[in-house]
1. Keeping the other protein chains in place, figure out the carbon and sulfur percent of the accessible area of segment 141-222, with a 1.4 Å probe.
2. Quick one: order Glu74, Glu218 from most to least accessible surface, probe 1.4 Å.
3. Express the accessible area of segment 200-297 per residue in Å², computed with a 1.4 Å probe while the remaining protein chains stay in the model.
4. Just subtract the alpha-carbon distance of Glu74 and Asn59 from 0.36 nm times their residue separation and send over the number in nm, one decimal.
5. Give, in nm to one decimal, the length gained when the segment between Arg287 and Ser183 is fully stretched (0.36 nm per residue of separation minus the Cα-Cα distance).
6. Taking a cut-off of 26 Å between Cα atoms, list the lysines near Lys300, but don't count ones fewer than 8 places away on the same chain.
7. Compute the orientation-averaged projected area for segment 86-176 from the convex hull of its Cα atoms and round it to one decimal in nm².
8. For segment 157-233, what's the relative contact order in percent, using C-alpha pairs closer than 8 Å and at least 6 residues apart?
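The values are calculated or read from the model by the stated rules, or taken from the named source; none is laboratory data. Quantities reported herein were computed from a predicted structural model and do not represent experimental measurements. The accessibility values were calculated without ligands, DNA or RNA, using every heavy atom of the protein model including side chains. Shrake-Rupley method; radii C 1.70, N 1.55, O 1.52, S 1.80 Å.
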Amino acid sequence: MRGARGAGWVAAGLLVSAGACYCIYRLTRGRRRGGRGLGLRPSQSAEDLTDGSYDDVLNAKQLQKLLYLLESTEDPIIIEKALITLGNNAAFSVNQAIIRELGGIPIVGNKINHSNLSIKEKALNALNNLSVNVENQIKIKIYINQVCEDVFSDPLNSAVQLAGLRLLTNMTVTNDHQHMLHSYITDLFRVLLTGNGNTKVQVLKLLLNLSENPAMTEGLLRAQVDASFLSLYDSHVAKEILLRVLTLFQNINNCLKIEGHLAVQPTFTEGSLFFLLYGEECAQKLRALVHHDDAEVKEKVVTIMPKINWSYFSKE
């Protein structure tokens, strides 16, 4: 099961984290400029730590000073800079634990309520880096419902919406907190179908996490999804999207077979994802994709087609 992959996922999360990539860039630049490596230098004030030219990784004392600044100031410019600095430092595993132990998670979490959208985005980015730590997730999960509400009410394709989706994706890499998204699955499909390419990819990453968990299968299949969803299985769709929607179908179908899951088939209403995936139109689209120009797409379709039980639909 995916929960057993905690250690591997933590390492992978650090590699893909945008904050981690930024920190690596900053540290590399620091070495080029002075060869200081990770050496720490004294700071006269907390504001100094938010200086964009500050290249060093903060220690516990400096992080505590930064958190105090973040909690005490009302200056939006300083708040935003402090969140950026904190988020970049949270890309390092040692600092993820230190920030939690210093009580930093609720200090950052409170900023996702801020009326300034740029501050809200930076707070979500910082929580995203902090969420790579499994122990941190226990404290971050209290924000999941609010983040979901914000994701579906914020402007479509906005930086805030994408930051929220990235955080939810990290929080659902293991099965521990996925159940908290049950009531938002239909909304996820709505954003998937209306968002731009970047938004589609991010929503699909999140849905793929959910689709690997058999406990989420029925909720996914019950979701009311517009029929335009099937257009994502057309041959002209971007490869990074097409491969993900194919994998989504593959994961759901695999979960249906695990230990007789859904052996007693529940009633799915017309307009549900179940009707779309196991309908004739979807079957035709998959058969057409067998002749796709891209070898990876073709291989994926050839792999999953024989495993799909189209009789699920006929039982309805």
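1. Details: 1370 of 2770 Å².
Result for segment 141-222: 49 percent of the exposed heavy-atom area is carbon or sulfur.
2. On the way: Glu74 170, Glu218 60 Å².
The most accessible residue leads, giving Glu74, Glu218.
3. On the way: 4110 Å² over 98 residues.
Heavy-atom SASA per residue in segment 200-297 reads 42 Å².
4. Using 0.36 nm per residue and subtracting the Cα-Cα distance, I get 3.0 nm.
5. Full-extension gain reported as 34.2 nm.
6. Within the straight-line cut-off, Lys300 pairs with Lys200, Lys205, Lys239, Lys257, Lys285.
7. Averaged projected area of segment 86-176's Cα convex hull equals 5.3 nm².
8. Relative contact order of segment 157-233: 36 percent.
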